[in-house]
Structures are given as structure tokens and as C-alpha cells.
Amino acid sequence: MSREVRTIGVVGLGAMGAGIAQLAVEAGLETVGHELELSRGEQARERIAHFLTRKVEKGTLAAGDRDAAIARLRLTDDLASLAECDVVIEAAFEDLAVKHQVFGALERIVAPDAILAANTSALSVTEIASVLVRPERAVGMHFFNPAPLMPLVEIVRAERTATDVAATAHALGERLGKTPIDCFDTPGFVVNRVLIPLLNDCVRVLDEASVSPRDLDAGLERGAGWPMGPCALLDLVGVDVHVHAGEALYEKLREPRMAPPPRLVRMLKAGKLGRKSGEGFYTYD
Ligand code: CAA
């Protein structure tokens with residue numbers, strides 16, 4: 001049985017958090033967005049306004065609905081402002097200590113039955129929830145990048161997740177316009193368990209076959225029907241995010257294909273993170 005959700009909180013308004021907040025306001029939910037610095041929150045609001053305005057320009061959203069959606073987003077730099085939220089989705093930095101700090105602080109603020117959802121790529125939701133007094137309120141909601149466009153959300157049941165908490169997260173995923181799939185808290189969940197070693201293989205092929213990123217991307221797009229090639233995808237996801245996820249999965253599964261190839265580690269050390277840094281496999285304005 002799922003519970004009613006009226007207000008949601010989003011902690012961390014980077015690319016993923018801003019995308020999730022955009023989905024929430026578009027779905028008619030009152031949304032409180034938290035960032036450590038309000039200026040970064042304002043940047044997220046501008047990003048959301050930009051994408052909603054593109055929809056208005058393309059005739060898929062009325063200007064009044066855009067304005068109402070933007071008005072549903074309240075920004076804060078104080079976690080205490082999330083007290084009224086029925087569900088809080090954290091999209092903070094992918095680091096267990098950071099997630100522990102956020103979850104621990106949130107539990108002291110939100111209502112006893114409020115749900116805490118982790119949007120993690122590769123960390124264990126069970127481990128994240130281990131700091132909670134009531135770990136049954138924690139669940140994984142793993143969105144894909146770019147969140148407003150990718151139709152999937154993985155609903156991850158941790159070791160102690162309550163049945164109604166998972167059901168509420170599933171229903172929320174549907175309300176946000178996504179196709180939710182349910183799974184247990186295993187390393188990489190469903191998609192990353194497959195996608196991370198696959199992308200690593202793609203990068204290894206760059207050197208093995210001496211193929212350029214552009215030709216490799218053309219290969220997978222034209223020869224395998226991918227919507228974008230692996231190098232463009234790694235630039236979109238972020239080399240830092242991918243390397244971190246690969247290392248986390250390798251640590252847990254010990255499968256060599258999970259470990260990030262040296263070429264990606266070199267790119268990370270050189271600050272070639274993809275779109276976010278202006279250079280990855282490709283360069284960006
Ligand atoms: N947020 C909101 N809206 C956006 C957006 C964003 N980040 N990016 C684009 N849009 C909007 C824009 O308004 C755009 O229209 P305009 O260009 O007219 O403004 C509109 O969406 C369509 O954009 P595109 O023309 O770029 O769309 P497309 O048809 O080329 O599809 C894509 C883009 C959905 C990204 C597609 O290329 C695709 O599916 N790529 C694969 C992405 C993928 O595999 N993601 C998963 C990564 S793995 C992951 O996320 C897991 C993890 O844990 C790391």
C-alpha cells in the first residue's frame with residue numbers, strides 16, 4: 001500500500017538533483033530544494049526554467065503551467081526547511097560519509113514516517129541507511145542522466161526497507177512520469193551492473209582497436225542502435241562519476257571488467273571530466 005505524497009525535498013541540486021526537482025514541480029508536487037550555497041540553488045532554478053521554457057517554445061507546455069511549476073520550487077540552504085516533506089530524495093555527492101551525514105541529519109528533522117530516498121549510482125542503500133534509527137524508511141530511487149529525459153527509475157529495496165516505503169517510492173516514480181523497476185540492493189542494481197562494465201569495455205576497445213572516439217561512437221550508434229555512443233555518454237555522465245561507480249563495483253564484486261580502464265583514470269586525473277569540465281573525449285563550449 002503506497003502513501004500519499006504532497007511535498008518532496010531534494011538534497012543537492014547538481015545535474016541530477018535539478019533534474020529530479022524539475023520532474024517534481026512538473027508533476028505538481030510542492031518541492032523544497034536544498035543546496036549548501038543558495039547561489040547554486042539559484043543556478044539549478046535557472047536550469048529548470050531554461051528547460052521548461054524550451055518546452056513552452058516548442059508548444060508542449062503552456063507558459064502559465066511553466067510559471068506555476070517554477071513557483072512550486074522553494075530553495076533553501078537549511079536542512080530544517082525540509083521538515084514538512086513526505087519524501088526527501090538525496091542527490092548529494094557520491095560518498096558514503098556524505099550520504100551518512102545527510103541521512104542522519106534528515107532523520108532528526110523530518111516526520112517519523114517520512115521517507116528518505118537515496119539517488120545513488122553505486123553505493124549500497126543498506127549501508128547508507130545504517131545510520132538511521134529507523135532504517136525501514138530508507139529506499140533507493142536511482143534516476144538516470146539526464147533525469148528529465150530518461151524514462152527509468154530503479155526502486156531499490158535495502159535490507160530493511162518497509163514494503164509500504166518501497167510501494168510509495170514506486171508510485172512516486174510513476175507520478176514523476178517514469179517507468180519504475182523494482183530490485184534488491186545489489187552492487188550496481190540492475191542497469192549499472194550491466195552498463196558500467198560495458199562502457200569500460202568500450203574504452204578498452206579504443207586502445208585495442210586503435211579506433212577514434214568519434215568512430216567508436218558511430219560504431220555503437222549505427223551498428224548497435226545506441227541513442228548516443230559510449231564516449232559521448234561517458235562525457236554526459238561525467239568521467240568522475242563513472243570512475244567512482246566502477247571502483248565501487250570492483251571493490252564489491254572483484255570482477256576485473258568493473259575496474260575503470262587506465263585511460264579513464266588518466267582523464268580523471270587530468271580534469272577531463274566530460275561536459276561538466278568542457279573537455280572529455282570531446283570538447284564543449
Ligand atoms: N534536462 C532537461 N531537459 C533537457 C536536458 C536536461 N539535461 N537535456 C535536454 N533537454 C531537453 C531540451 O529542451 C531538448 O530540446 P532542445 O534541444 O530543443 O532545447 C530536449 O530535451 C531534447 O534534447 P535532445 O535533442 O538532446 O534529445 P535527444 O533526442 O537527442 O535525446 C538523450 C537525448 C535522451 C540524452 C539521448 O541521447 C539518450 O537517451 N542518450 C543516452 C543517455 C543514457 O544512456 N543515460 C544513462 C546514463 S547512465 C546513468 O545515468 C546511470 C548512472 O548511475 C551514472
Task: Where the chain is the region considered: accessible area per residue in Å², 1.4 Å probe - done: 47 Å²
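Once the piece of chain linking residue 71 and residue 263 is laid out straight, how much longer is it, given 0.36 nm per residue of separation minus the C-alpha distance between them?
On the way: separation 192, 0.36 × 192 = 69.12 nm, distance 4.42 nm.
Contour length minus Cα-Cα distance gives 64.7 nm.
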Open item on the list: Looking only at segment 78-158, where both bridge partners belong to it, what percent of the DSSP beta bridges are antiparallel (to the nearest 5)?
Closed with: 35 percent
Task: Virtual spin-label span in nm between residue 285 and residue 221, 7 Å along Cα→Cβ - done: 1.8 nm
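Set the bar at 27 Å for Cα to Cα. Now go through 178/252; 55/178; 99/252; 55/99 and name every pair that lies beyond it.
Numbers: 178/252 29 Å; 55/178 18 Å; 99/252 18 Å; 55/99 33 Å.
Beyond 27 Å: 178/252; 55/99.
Find how much the distance from residue 214 to residue 93 grows on full extension, using 0.36 nm per residue of separation minus their present alpha carbon separation; answer in nm with one decimal. All intermediate terms of the calculation are to be shown ahead of the outcome.
Working: separation 121, 0.36 × 121 = 43.56 nm, distance 3.03 nm.
That pair, residue 214 and residue 93, stretches by 40.5 nm at full extension.
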TODO: Using a Gaussian network model of the chain whose springs link C-alpha atoms within less than 10 Å, name the residue from 104, 64, 229 with the highest mean-square fluctuation.
DONE: 64
Task: 222 nm mean residue ellipticity, helices alone, for the chain (DSSP H n ≥ 4; -39,500 (n - 2.57); rounded to 500) - done: -14500 deg cm²/dmol
TODO: Please determine, in degrees from 0 to 90 and to the nearest 10, the orientation of helix 213-224 with respect to the longest principal axis defined by the Cα atoms of the chain, where the helix direction is its Cα long axis.
DONE: 70 degrees
TODO: Specify the angular offset, from 0 to 90 degrees and rounded to the nearest 10, of the alpha carbon long axis of helix 191-208 from the longest principal axis of the alpha carbons in the chain.
DONE: 20 degrees
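Can you pull the percent of the chain's accessible area that's carbon plus sulfur, 1.4 Å probe, other chains left in place? Can you show the working numbers first?
Numbers: 7140 of 13450 Å².
In the chain, the share of accessible area belonging to carbon and sulfur is 53 percent.
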TODO: Would you grab the residues whose amide H sits under 5 Å from the one on residue 32? Only those 5+ places off in sequence or on another chain, please, with H modelled 1.01 Å from N.
DONE: 8, 9, 10, 74
Task: Length gained when the stretch residue 186-residue 84 is fully extended (0.36 nm per residue, less Cα-Cα span) - done: 33.6 nm
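The values are calculated or read from the model by the stated rules, or taken from the named source; none is laboratory data. Bear in mind that the values here come from a model prediction, so they are computed numbers and not experimental data. Ideal geometry is used to build each Cβ from the backbone, glycine not excepted, and the neighbour counts take in all protein chains shown. We work out accessible area using only protein heavy atoms, side chains counted, and drop any ligands, DNA or RNA first. Shrake-Rupley method; radii C 1.70, N 1.55, O 1.52, S 1.80 Å.
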